[in-house]
1. Give the shape of the range B:58-132 as rounded, prolate or oblate, defined through the alpha-carbon gyration tensor: a ≥ b ≥ c are the square roots of its eigenvalues, a/c under 1.5 means rounded, and otherwise the shape is prolate if a/b is larger than b/c and oblate if not.
2. Can you tell me the dipole magnitude for the range A:33-192 around its Cα centre, using point charges on the Cβ only (Lys, Arg +1; Asp, Glu -1), in Debye to the nearest 20?
3. For the A and B pair, go ahead and give the buried accessible area with a 1.4 Å probe, both sides summed, in Å² to 100.
4. Excluding same-chain residues fewer than 8 positions from residue A:22, which lysines have a Cα within less than 23 Å of its Cα?
5. Using a 1.4 Å probe on the protein heavy atoms, what percent of the accessible area of the range B:51-274 belongs to carbon and sulfur?
6. If you count only protein heavy atoms and use a 1.4 Å probe, how large is the accessible surface of residue B:270, to the nearest 10 Å²?
7. Using the charge dipole of the protein assembly as shown (Lys, Arg: +1 at Cβ; Asp, Glu: -1 at Cβ; taken about the Cα centre), state which of B:226, A:225, A:13 has its Cα farthest towards the positive end.
8. Given axes a ≥ b ≥ c from the Cα gyration tensor, I'd like to know whether the protein assembly as shown is rounded (a/c under 1.5), prolate (a/b larger than b/c) or oblate.
Amino acid sequence: MAMQFYTSPEQIMRDRSEYARKGIARGRSVVVLSFAGGVLFVAENLSTALHKISEIYDRIGFAAVGRYNEFENLRAAGVRMADLRGYAYDRRDVTAWPLANVFAQNLGAIFTESTKPFEVEVCVAGVGASPEDDELYRLTYDGSINDEPGFVAMGGQSEQIGAVVREHHRVEADLEEALRLAVRALGSVGGEGGAQRELKADQLEVAILERERPGRTFRRIRGAALSALVAPAEPEVEVVIPDDAPEAESTPAEPVPAEPAEDIVDVEEASEKDGGDEKS
Amino acid sequence: MTTGADFPGRMPAAFSATGSSSFAEFLQAAAPEYLPGRRALPPGDLSHASAHATTIVAMTYADGVVMAGDRRATQGNLIASRDIEKVFASDMYSLVGFAGSAGIGIELVRLFQVELEHFEKIEGTPLSLHGKANRLATMVRGNLSAAMQGLAAVPLFAGYDLDSREPGKAGRIFSYDVIGGLYEERDYDGIGSGSLFARSALKKRFRPGADADTAVKWAVESLYDAADEDSATGGPDLTRGLFPVVMLASADGTVRISDAEVERLARDVIGERSDYPGR
């Protein structure tokens, strides 16, 4: 008969936590925050097909970091649960808290029961009638649930990112201000020698839950609309002057002011980037 | 071995099953009692048990499709409802209406709406228009045994095909029979007891590529003709201010024509018919 070695429960849990934390820390981060017009999700994500941010229901969004196949499984379960509730009762009866609760129970059960915990951190966000009514829940690999009103930062070095957001976050901010803050916070880590990184539109995945919109409030912001919001206030305009062009036409064009929410254009570009970026 | 539901806190296995993006398939595993057509029915003809909804018409126009339905539901010789709505947006770019047993039809439409949204959320991209039409056929098929006992509901589906190469011909119409047969229709179609008369009216009026205003007027007029001949189809109700539900689906999405606009068109039709109402 094989000899069974005794391992204390403390040791098992500690090992699992450490394993999950390491996995999560390798990935890039996500910031979710309330602003005047709704709830903003910003993720650093090179893929345009493998989403870290998605729609769950009319006024509920989902963001995650860590292992893609694991949080995708949770997301699909969330969509199924929300749609089942909305179908059995009414669309208004689908709210963020019960969903976050089920995710927490599920993550907790997997953490205790399985050999390998889920290497994920999840944010379930519900947009309310005013920023004070927004619900932001952060769930971790062991099933802990935290109610974090205002903003949530998740992923590797989330504390540093959270500190930047905490310092400048205002719920009265408009979309442009909120997005710039989130991008700055995400760029505050991972630079060479602690330097600030400038993140460009094609490195970001951005979506909002629009507070004033009836029905399904989730909208992705991408393409030209995103570039206009992310670009610095006075962009350097590169002007290529053809040889035969008159000199007078070389004046750079006025930068077009960005109008949030109105000019959300879906520009889906086929991504040639690495499709199997599991820990993105 | 763990199968999912046995440990406290785990969601039932159906919630984390992979490979299906269909809400109806998920319901079958997780909550089959919510699926229409899966209930045990007493034997015999049950057609008297539910109110009957009647005429729906759909036609293409330059930018997409228009669908309109009258507001009447009947039960035997009585009027069960004067203001029932039988035309709905099934998603951003498609419309669905139904005729037949009102209870079954409303459930079918609700399930279809969730089905389309569910697929879009799980897959991250909407179904193609023909994919939507096929899903609806499967749902109609699921109701076959109830339909054979008199609880039949038949949908009419129309939408704007985002994959169409010719923008002027992106409006498409699909009709169904009670056993779930799917037929793509050209130009225009109608379902329900008054559809024979509505289609006859459209046969004379319809021209391809009309603008939205004209197509909406033709739809209102065809329902007027149906109500004129069929007692189960309701005409414009001027005293109560009840008019057909008319919706458009185009590249800009779906929109319901305002009651005020439909009233104006209905009054126009009545005015024109007053010269010689026919006999």
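1. On the way: a/c = 3.43, a/b = 1.66, b/c = 2.06.
Here the range B:58-132 falls in the oblate category.
2. Working: 14 positive and 25 negative charges, 71 e Å.
About 340 debye.
3. Working: alone 15550 and 14140 Å², together 27260 Å².
Its buried surface, counting both partners, is about 2400 Å².
4. A:52, A:116, A:279
5. Details: 4590 of 9230 Å².
Answer for the range B:51-274: carbon and sulfur cover 50 percent of the accessible area.
6. The accessible area of residue B:270 comes to roughly 50 Å².
7. B:226
8. Numbers: a/c = 2.63, a/b = 1.47, b/c = 1.78.
Oblate shape, in that a/c is at least 1.5 and b/c is the bigger or equal ratio.
The values are calculated or read from the model by the stated rules, or taken from the named source; none is laboratory data. All figures in this text were calculated on a predicted structure; none of them were measured in a lab. In this analysis, Cβ positions are derived from the backbone assuming ideal geometry, glycine residues included, and neighbour counts consider all displayed protein chains. The protein model used for the area step is the full one, side chains on, heavy atoms only, and it has no ligands, DNA or RNA in it. Shrake-Rupley method; radii C 1.70, N 1.55, O 1.52, S 1.80 Å.
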